[in-house]
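Reading through the structure tokens given below for one structure.
The values are calculated or read from the model by the stated rules, or taken from the named source; none is laboratory data. These figures come from a predicted structure and were not determined experimentally. Quick reminder, even Gly has a Cβ in these numbers, built from the backbone with ideal geometry, and neighbours come from all protein chains shown.
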């Protein structure tokens, strides 16, 4: 590969050169949603982050098998081994069958992902569709001596595992500290240790989702699904596993332990985690009661929102921060993203109107900067800054201040199409009729202003300029007309 990608590996805590296990094929697994509520901004960030990785790996010439799961069973409240399944709780509150809840919110999630222009994964397995495989995975853990049964439930023996392997290698947890700081909770006294986690749970009489097994009529533990489905579709060892930072412990730590206990080795070579979206410094999420659904963003129907925001504005807003950094929500930041996105596409429209003249501007320098940014752990904010710097050159080309030949003009157009459309996944959205000022309308108004100036009707010209300025449209007069941008 001419462009070598470096990614931050959460396991080693450093940037590493990405080398596929079986090039040009890449296996990538990303934890998808637990489908018990509307998709919100927190769901959008991992989806968009790993969509960028998926797109960029394909751009570099890799053939990617991208698996993103749907969690529809086994995820209990507060990520514990006791309590109520999140989907069952929603089903009980709304008097629905659990799979009605699953289907409704899976459909909603898919609709939101399509609006955000997130590509479909290669495979999207459901946990409920892989019960037999999960039971077989538990059998392998039993055979190797790292599982035990109690009262029809099966638990992973963390202490025994830690004697041969190290538990906590991903999160940095030390088992001795967990032993000292973990208290036994009510209902968990059947475990050998409170930090052991469930592989299979015996279902209570009121638990609606359950399956037969050699241990009991029950259901799999939450952590088990990803270990099972990841290795089923990508092999005992695969390249990349991604997800949100909140999944690093215990979910991904338990995945490593399960896979190692079953197969004698960890399944994943590169662990990648996106950081959280926050509101006033606090994580946004359903469990905290401060989540804003994506539908709310699109409609503007929420007390925290000053206006509706388009799906592409949301996507651009997320890409303006590095995926490993926190991203704080604010209306000001979203409005700024909206204006920036409009400016980017207006510059691309200008690029299409430029005609080659003679040798001058070289596109190669911009090309190197764009690849360098993404090869540096998917640094989308730096990439975007280079794209905006390129707009200055585009404006100079438009004004005739610099020249460009055919070859470099075509290369420049290709760069913007590849990086903005194909890799960043941004698309130009059509405004609904009556939804606001469009580029065409502003251009028409400015032509009327130019006619007024040519007729020496400076009062009308100034009145148009002031009216546009009040709407946040900045006018830049030139000899043969005006340029404009949204402030």
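For segment 112-135, give me each residue that is without any contact (Cβ under 8 Å) to a residue 24 or more places away in the chain and part of a helix (DSSP H, G or I). Within segment 112-135, 114, 129, 132 qualify. Considering the conditions (1) crowded, with 24+ Cβ neighbours inside 10 Å; (2) part of a helix (DSSP H, G or I); (3) within 29 Å of the chain's Cα centre (by Cα), residue 233 is excluded by exactly one of them, (1).
From the list 141, 131, the one residue that fits, being closer than 21 Å to residue 247 by Cβ and either assigned by TED's automatic domain parsing to the domain that holds residue 35 or under 21 Å from the mean Cα position of the chain (by Cα) (or both), is 141.
Of 101, 67, 35, 73, all but one fail to be closer than 26 Å to residue 419 by Cα and outside the structural domain of residue 370 (by TED's automatic domain parsing); the exception is 67. Taking residue 168, is it on the phi > 0 side of the Ramachandran plot, free of Cβ contacts under 8 Å to residues at least 60 places away in the same chain and in a loop (DSSP other than H, G, I, E, B)? So residue 168 does not fit the description; no.
Set side by side, the residues 422, 455, 395 differ, and just one is modelled with pLDDT of 90 or more and over 30 Å from residue 60 (Cβ atoms), which is 395. Here is the figure for segment 136-162: residues that are assigned to a loop (DSSP other than H, G, I, E, B) and in contact with a strand residue (DSSP E or B) (Cβ under 7 Å, 6 or more places away or on another chain) total 4. Name the strands (runs of 3 or more DSSP E) wholly inside segment 1-83 in which the number of residues that are surrounded by fewer than 23 Cβ atoms within 10 Å (Cβ to Cβ) and touching a residue at least 60 places away in the same chain (Cβ under 8 Å) is 3 or more. By residue number, 6-9. The residues in segment 340-386 that are in a helix (DSSP H, G or I) and over 30 Å from residue 403 (Cβ atoms) can be counted, and the count is 3.
Checked against the criterion of being under 24 Å from residue 55 (Cα atoms), touching a residue at least 40 places away in the same chain (Cβ under 8 Å) and touching a strand residue (DSSP E or B) at 6+ places or on another chain (Cβ under 9 Å), the candidates 422, 375 yield just one match: 375.
Exactly one residue among 241, 322, 273 is free of Cβ contacts under 8 Å to residues at least 60 places away in the same chain, within 24 Å of residue 425 (Cα to Cα) and within 14 Å of the chain's Cα centre (by Cα), and that residue is 322.
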